[in-house]
Structures are given as structure tokens and as C-alpha cells.
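Asker: Take this structure first; my questions come after.
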Amino acid sequence: MVEGNVLGLSAFLLVILASLVVAFFVVARQTYLVYLRQLFRETYHIKLNDTVSIARRFDDGTGHFFLVYPQWRFPNKDGSCDRRRANNAICYGKSVLEVGGFRISSTQPVHIVWLVNALRRRDVTIAQSSEEATKYQQALRMKRMIAEANTLDSLVERYGESKSYTEFEKFCAHLFRAQGYRAEVTPATNDGGCDVLLYEGSELVALVECKCFSLSHKVGRPLLQKLYGANAVLHAKRLIFVTTSEFTPEAQKYACDLNGSMELVDGHALLKMMEKNVVPDGAKLPIALDEWKLTREDLVARYPPDYPPPAIDLG
């Protein structure tokens with residue numbers, strides 16, 4: 001009887017001891033992770049989102065990241081949820097950033113991209129992801145096109161009315177970026193009455209409409225009115241209408257009556273913009289970070305259409 005009690009007490013004490021050891025390691029791990037977050041904040045002056053994980057790594061002097069996007073276990077062809085499957089669910093991977101002595105991971109790529117952009121603003125070098133490398137090459141091709149487009153005829157030939165409207169919009173966006181703006185091309189299927197949004201920092205400063213018309217196809221007042229109407233929602237300070245052609249007298253009078261809030265850039269003025277912002281002899285313009293870094297729009301295109309990324313300003 002006594003021996004049984006002793007064995008029972010020993011087993012009980014072993015359970016208590018094991019529980020204390022487990023608790024110690026749990027507390028020690030949590031304390032270590034809090035320490036790592038604080039160390040990261042002291043190193044880069046950035047507070048990590050609570051949803052991301054952090055670990056140590058060997059600092060080899062490089063910074064890089066890769067993204068893994070959520071997807072439905074059983075998706076439709078467009079990536080949306082196949083609702084015929086009762087057990088369908090979102091599957092998450094781990095997006096990872098390695099920088100300095102830290103390894104940051106998250107199931108939401110948007111958190112990693114936000115962190116990458118924040119670090120780069122602090123002059124931390126992080127290599128391009130595969131998505132960024134693709135955007136960089138697209139920007140490089142656009143620069144080459146800009147350098148080749150020396151005349152209005154060549155612009156109309158390349159981007160004219162029977163060609164792709166969106167390519168001319170991208171062309172104009174690059175010209176405005178060369179002037180120091182952050183320029184975003186609006187979606188082709190839902191542009192809201194304008195083609196390009198111009199920002200200074202985070203402030204929307206101008207709406208731009210772009211029309212690549214032949215010289216015989218002049219821009220009339222109705223197109224200007226459409227641009228003006230688009231601003232009833234967005235409230236930008238400036239409106240800019242860019243064309244390879246000219247404006248009718250009625251269109252010019254309409255813009256004049258708006259007391260300078262609408263700027264008209266005809267073919268002649270567009271050529272001057274190109275001459276000012278394109279490097280002579282066909283050399284490439286520098287490709288700014290804003291032209292190839294990832295935006296929320298880039299991530300939206302890669303997430304399932306019915307499961308967009310969190311609404312975070314990626315900067």
C-alpha cells in the first residue's frame with residue numbers, strides 16, 4: 001500500500017516537473033521572440049506586424065524575398081472558389097524575407113511586400129523578387145520604346161487608334177514619372193474616365209486622359225467633359241489631357257473656362273515633354289524604384305479574385 005502511494009506520488013511529481021519544463025521552454029521561446037522583434041525594430045526602426053513570424057539566420061550580407069500566394073484548394077479556372085466543393089478552403093503558403101540576421105515569414109504576401117518597401121525606403125538593399133524582375137523588364141522595354149518614339153508619326157504608328165490604347169497610357173505614365181511623379185495607370189476595363197493617376201507622395205494631384213489620335217482626328221469638348229466629370233469623385237487639383245493630335249477651338253475654350261484647372265497637352269507639347277525627359281541618342285532613362293516595386297494592384301492580380309489581400313498601403 002505504501003509502495004503504491006510512493007509510486008503514485010513519484011508519477012505525480014514527474015508530471016509536475018515535465019509541465020514546469022514545458023512551461024519554461026514556452027516562456028523562454030516567447031521571451032526570445034519578443035527580444036528578436038525588439039532587436040529588429042532597433043536595427044531598422046520598423047515595428048513588425050503581429051501576424052508575421054521572426055527567426056534568426058546567418059547574416060551573409062544579402063537581402064532577398066519570395067512570395068507564395070493563397071489559393072483555394074479547389075479553384076475555378078479564374079482562381080475563385082469552386083462552391084460545388086463542400087470542403088473547399090483557402091490554402092496558405094509562407095512568404096519569406098531574409099535581411100540582415102533575420103528571417104521574416106507570413107502567410108500573407110502583402111505583409112512581406114509592405115516590409116520590403118519600408119526597408120528600401122531606409123536604403124536597405126533587397127534583391128528583386130521574380131515578380132519585380134518581370135516589372136523591371138517591362139519598364140526597360142518601355143524606356144526603349146520612348147527612346148525610339150522621336151516623332152508624332154512614330155507614336156501614332158506604334159500606339160494609334162487601331163493599336164493598344166493601354167500601351168500609350170503606359171508611355172505617358174513613364175513620361176510623368178520622369179518628371180518626378182508617381183504615376184499609376186488605371187485598369188483598362190474600369191478607368192473611371194481617366195487613364196493615369198499622378199501622385200506626389202501619397203497625395204493624388206492630377207488625373208490624366210491619354211488619346212493617341214492621328215493629326216486629322218482632333219480632340220473635341222465632349223472628351224474633356226468626360227475627364228472633368230471623372231474628377232467629381234476623385235477631387236484632384238489638376239486635370240491633364242494628353243494627345244498626339246490637336247484640340248478643337250471648342251475644347252480649348254472649355255478648358256480655358258475652367259480657370260487653369262485643366263491642362264491641354266497637344267502633339268507639339270508632347271514632343272517637348274519627350275525631348276526633355278528622354279536621354280539623347282536613344283540611351284535608357286534611369287528606371288525608378290516606383291516603376292518596378294510591387295503595389296497592392298500587383299498582388300490583387302495574383303490573389304484569388306474572391307479573396308483579395310488586406311487593404312494595406314504598401315507605400
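Asker: What single numbered condition from (1) of a type outside the set (S, T, N, Q); (2) open to solvent by less than 70 Å² (accessible area, probe 1.4 Å); (3) assigned to a loop (DSSP other than H, G, I, E, B) fails to hold for L224?
Answerer: (3)
Conditions tested, residue by residue: (1) in contact with a Gly (Cβ under 9 Å, 6 or more places away or on another chain); (2) β-branched (V, I, T); (3) buried (at least 19 other Cβ atoms within 10 Å of the Cβ).
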| site | (1), (2), (3) |
| --- | --- |
| R182 | yes, no, yes |
| G201 | no, no, no |
| V205 | no, yes, no |
| V219 | no, yes, yes |
| H235 | no, no, no |
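Asker: Could you tell me how many of the residues in segment 252-282 are among the hydroxyl-bearing types (S, T, Y) and at pLDDT 90 or above?
Answerer: Total satisfying the criteria: 1.
Asker: I'm told S214 meets every condition in (1) within 23 Å of the chain's Cα centre (by Cα); (2) under 23 Å from I146 (Cβ atoms); (3) in contact (Cβ under 8 Å) with a residue 40 or more places away in the chain; (4) outside any strand (DSSP E or B) except one. Can you identify the failing condition by its number?
Answerer: (1)
Asker: Taking the condition under 18 Å from L152 (Cβ atoms) and either of a type in the set (S, T, Y) or under 22 Å from the mean Cα position of the chain (by Cα) (or both), does E169 pass?
Answerer: For E169, the condition - under 18 Å from L152 (Cβ atoms) and either of a type in the set (S, T, Y) or under 22 Å from the mean Cα position of the chain (by Cα) (or both) - is met.
Asker: Answer yes or no as to whether Y181 is touching a Phe, Trp or Tyr at 6+ places or on another chain (Cβ under 8 Å) and touching a residue at least 12 places away in the same chain (Cβ under 8 Å).
Answerer: yes
Asker: For residues in segment 237-254 being more than 23 Å from D153 (Cα to Cα) and part of a strand (DSSP E or B), which is most open to solvent (accessible area, probe 1.4 Å)?
Answerer: R238
Asker: While we're here: So in segment 38-53, with the set limited to residues that are out of contact with any Ser or Thr (no Cβ under 8 Å at 6 or more places or on another chain) and buried (at least 17 other Cβ atoms within 10 Å of the Cβ), which one is nearest to R296 (Cα to Cα)?
Answerer: Looking only at segment 38-53, we keep the residues that are out of contact with any Ser or Thr (no Cβ under 8 Å at 6 or more places or on another chain), and these are 38-48, 50.
Next cut, buried (at least 17 other Cβ atoms within 10 Å of the Cβ) only: 40, 44, 48.
Working: F40: 24, Y44: 23, L48: 19 Å.
Looking at the filtered set, the residue picked out is L48.
Asker: Could you please tell me which pairs satisfy a Cβ distance under 9 Å, a separation of 6+ or placement on different chains, a first residue in segment 82-96 that is more than 29 Å from F66 (Cα to Cα) and at pLDDT 90 or above, and a second residue that is polar (S, T, N, Q) and open to solvent by 30 Å² or more (accessible area, probe 1.4 Å)?
Answerer: Every condition considered, the pairs that remain are R83/N76.
Asker: Moving to a separate point now. Give me the pairs, please: first residue somewhere in segment 117-135 and surrounded by fewer than 16 Cβ atoms within 10 Å (Cβ to Cβ), second residue anywhere and not β-branched (V, I, T), beta-carbon distance under 6 Å, and either six or more positions apart or on two chains.
Answerer: Sorted first by the residue in segment 117-135, then by its partner, the pairs are T125/G63; A127/H64.
Asker: Something else: Are any residues in segment 91-116 assigned to a strand (DSSP E or B) and open to solvent by less than 30 Å² (accessible area, probe 1.4 Å), and if so, which ones?
Answerer: S95, V96, L97, V99, F102, I104, S105, S106
The values are calculated or read from the model by the stated rules, or taken from the named source; none is laboratory data. No experiment lies behind these values; they were computed from the predicted model shown. A quick note on method: Cβ atoms are made from the backbone with ideal geometry, for glycine too, and the neighbour counts reach across all protein chains shown. Just the protein is used for accessible areas: all its heavy atoms, side chains included, with ligands, DNA and RNA removed. Shrake-Rupley method; radii C 1.70, N 1.55, O 1.52, S 1.80 Å.
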